[in-house]
Amino acid sequence: MQFDTVVRGGTVVNADGPARADVGIVGERITAVGEGLAPGKREIDARDRLVMPGGIDSHCHIEQVSSFGIMCADDFHSATVSAAFGGTTTVIPFCAQHRGDCIPEVLADYHRRAAEKAVIDYGFHLIVANPDEQTLSGDLPAAIETGVRSFKIFMTYERMRLHDEQILDVLMTARSHGALVMVHAENHGIISWLAGRMVGQGRVAPRYHAICHTRSSEAEAINRVIALAEVVDTPILIVHVSTIEGVAAIRQARARGVKVYGETCPQYLFLTARDIDRGLEGAMFCCSPPPRDEAAQQACWQGLKDGALAVYSSDHAPYRYDASGKLPKGEKTSFKEMANGVPGLELRLPLLFSEGVGKGRISLGEFVQLTATHHAEVYGLPSKGRIAPGCDADIAIWDTTRSVKISSTALHDNTGYTPYEGRALTGWPVMVLSRGDLIIDQSQSPSVIHAERGRGRFIARVRSDAAAPAGRRIAEVEQLAAWGDSL
Ligand code: URP
Ligand code: ZN
Ligand code: ZN
């Protein structure tokens with residue numbers, strides 16, 4: 001067979017580890033992986049390079065209005081260009097329902113904007129803020145039918161949060177239709193009560209954001225939503241886990257057979273609350289939950305190693321350090337008014353590679369699992385996340401020796417800063433292929449992008465095993481069934 005492209009002589013890394021192999025591509029797909037493949041019409045020299053699946057970032061906010069009502073700084077073009085430069089070839093951002101929004105209109109709007117601008121492939125999750133009867137029995141099943149197979153719900157944020165009964169309703173709908181529910185788990189009462197007191201005392205600097213979002217607020221909410229999910233035997237994924245207690249709660253629930261998955265993000269591995277404690281500039285590090293301390297970082301690394309945390313995503317939530325984002329009232333902005341979130345699409349993979357693989361914390365196979373393969377498995381993307389015949393030719397070719405000093409001026413998102421400014425990283429994705437197209441070439445200077453706006457495609461996701469009920473009801477619910485009742 002004549003290949004359109006052969007990526008030759010590299011070390012291919014999949015979830016099960018590295019192996020020397022060439023990769024043959026025909027059209028958009030990988031058709032062969034093995035040594036000594038026949039010549040391709042185009043040859044890409046990957047000697048001394050790692051050939052890895054392009055990253056899948058399953059948690060990022062793109063061209064989305066936040067729960068604070070603020071539009072983020074990246075549109076589908078700038079965000080996906082930035083992701084691609086960082087070795088990511090698929091993103092799953094959110095279509096956000098705010099209260100009063102009609103879900104079919106929300107979905108159509110995001111589809112239109114992404115289709116015009118995205119340069120890499122994308123799926124969607126749906127944020128559910130108003131689970132009324134129309135949403136539960138009409139709009140969510142219809143969204144799932146179109147391949148939007150995951151919802152995000154919030155336990156905090158005044159304008160987004162759901163009460164326990166509403167959470168149970170969403171979980172039951174997801175269970176019936178094979179969708180996965182992602183949960184932002186923080187106890188709203190603790191945070192808002194503390195914040196009220198802080199603001200009342202004039203303590204409004206960003207550092208109070210970290211103080212109000214206590215470890216206990218994350219721990220309580222994770223334990224509570226696990227209990228809710230257990231009642232209805234519905235899988236859940238806890239996003240942006242940041243605490244020792246949160247990781248432990250997920251690990252314990254998994255050990256007793258609950259289908260709960262965890263996610264962490266660069267900010268919980270590489271930042272601490274001290275980064276927020278630098279006056280107003282701390283706003284650039286404010287996200288929810290906030291970065292914690294070294295012990296919590298350690299717990300997150302351990303969770304990534306032992307499976308308590310299945311995926312590593314960016315939670316890219318880009319807001320500029322000006323009146324459009326972090327500082328709506330300029331220097332007088334209180335921590336309650338600034339947009340929450342940090343950028344991370346482009347640096348997610350280089351940070352984990354340098355600090356994780358480079359420093360011996362995780363293996364190459366684990367790197368691929370955490371950045372691509374597990375995302376594909378959990379969220380139902382069978383053609384992504386692996387280098388294997390039949391898969392999309394989404395490939396990042398890494399130079400493991402390239403040293404890079406992080407500077408926001410070299411990044412491609414619209415945030416205008418990075419929380420990782422000045423850090424020295426080793427290892428960089430120098431070439432990126434998306435469905436067989438070489439879209440990024442950073443092997444020489446200046447780097448080149450060959451990716452037209454709108455070339456990215458919507459990927460309708462399939463029902464994943466991760467979203468299937470465990471078939472395990474807690475004793476009280478079994479008792480109901482024994483009495484002939486059901487939920
Ligand atoms: O602070 C964060 N994480 N902002 C983005 C919205 C969210 O909760 O994920
Ligand atoms: Zn969240
Ligand atoms: Zn988020």
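The values are calculated or read from the model by the stated rules, or taken from the named source; none is laboratory data. Not measured: the values here are computed from a predicted model. All Cβ positions, even for glycine, are placed from backbone atoms using ideal geometry, and neighbour counts span all protein chains on display. Protein only, heavy atoms only, side chains kept; ligands, DNA and RNA dropped before computing areas. Shrake-Rupley method; radii C 1.70, N 1.55, O 1.52, S 1.80 Å.
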Problem - Members of the stretch 139-173 that are within 16 Å of ligand 2 (Cβ to nearest atom), buried (at least 18 other Cβ atoms within 10 Å of the Cβ) and in a loop (DSSP other than H, G, I, E, B) - result: M155, T156, Y157, M160, L162
Exercise for the section: With the condition kept exactly as written, say whether any residue in the stretch 235-256 is away from ligand 2 (no atom under 13 Å from the Cβ) and closer than 19 Å to A129 by Cβ. Expected result: yes
Completion exercise
Reported set for the stretch 140-165 where residues are within 16 Å of ligand 3 (Cβ to nearest atom) and among the small types (G, A, S) is S150
Problem - Members of the stretch 15-36 that are open to solvent by 30 Å² or more (accessible area, probe 1.4 Å) and in contact (Cβ under 8 Å) with a residue 24 or more places away in the chain - result: A15, D16, P18, V26, G27, E28, R29, T31, V33
Exercise for the section: Kindly provide the set of residues from the stretch 37-58 that are polar (S, T, N, Q) and without any contact (Cβ under 8 Å) to a residue 60 or more places away in the chain, ordered by number. Expected result: none
Problem - Considering residues of the stretch 473-487 that are of a type in the set (D, E, K, R) and under 17 Å from A229 (Cα atoms) only, the residue surrounded by the fewest Cβ atoms within 10 Å (Cβ to Cβ) - result: E476
Exercise for the section: Could you check, for the stretch 280-300, whether at least one of its residues is touching a residue at least 60 places away in the same chain (Cβ under 8 Å), outside any loop (DSSP other than H, G, I, E, B), within 14 Å of ligand 1 (Cβ to nearest atom) and of a type in the set (F, W, Y)? Expected result: yes
Fill in the blank from the handout: Exactly one of L136, L126 is open to solvent by less than 50 Å² (accessible area, probe 1.4 Å), more than 17 Å from the chain's Cα centre (by Cα) and at pLDDT 95 or above, and that residue is L136
Completion exercise
Counted residues in the stretch 174-211 being over 17 Å from P131 (Cβ atoms), in contact with a Phe, Trp or Tyr (Cβ under 8 Å, 6 or more places away or on another chain) and open to solvent by less than 30 Å² (accessible area, probe 1.4 Å) come to 4
Handout entry: Single match in A424, A372, A393 (criterion: open to solvent by 10 Å² or more (accessible area, probe 1.4 Å), over 18 Å from Y268 (Cβ atoms) and not hydroxyl-bearing (S, T, Y))
Key = A424
Exercise for the section: Please specify each residue of the stretch 311-334 satisfying the condition of being more than 16 Å from ligand 2 (Cβ to nearest atom) and crowded, with 24+ Cβ neighbours inside 10 Å. Expected result: G325, K326
Fill in the blank from the handout: Within the stretch 227-242, the residues that are under 17 Å from V311 (Cβ atoms), away from ligand 3 (no atom under 15 Å from the Cβ) and of a type in the set (V, I, T) are I236
Exercise for the section: Scan the stretch 273-296 and give yes if some residue there is away from ligand 2 (no atom under 16 Å from the Cβ) and among the polar types (S, T, N, Q), otherwise no. Expected result: no
Practice task
Would you please list the contacts, defined by Cβ atoms under 8 Å and residues six or more apart or on different chains, that run from a residue in the stretch 240-261 that is at positive phi to a residue that is more than 16 Å from ligand 3 (Cβ to nearest atom) and assigned to a loop (DSSP other than H, G, I, E, B)?
Solution key: G257/A470; G257/R472
Practice task
Identify the residue in the stretch 435-469 that is in a strand (DSSP E or B) and modelled with pLDDT of 95 or more and, among all such residues, is farthest from A114 (Cα to Cα).
Solution key: D441
Exercise for the section: Working only within the stretch 59-107, note down all residues that are without any contact (Cβ under 8 Å) to a residue 12 or more places away in the chain and crowded, with 24+ Cβ neighbours inside 10 Å. Expected result: none
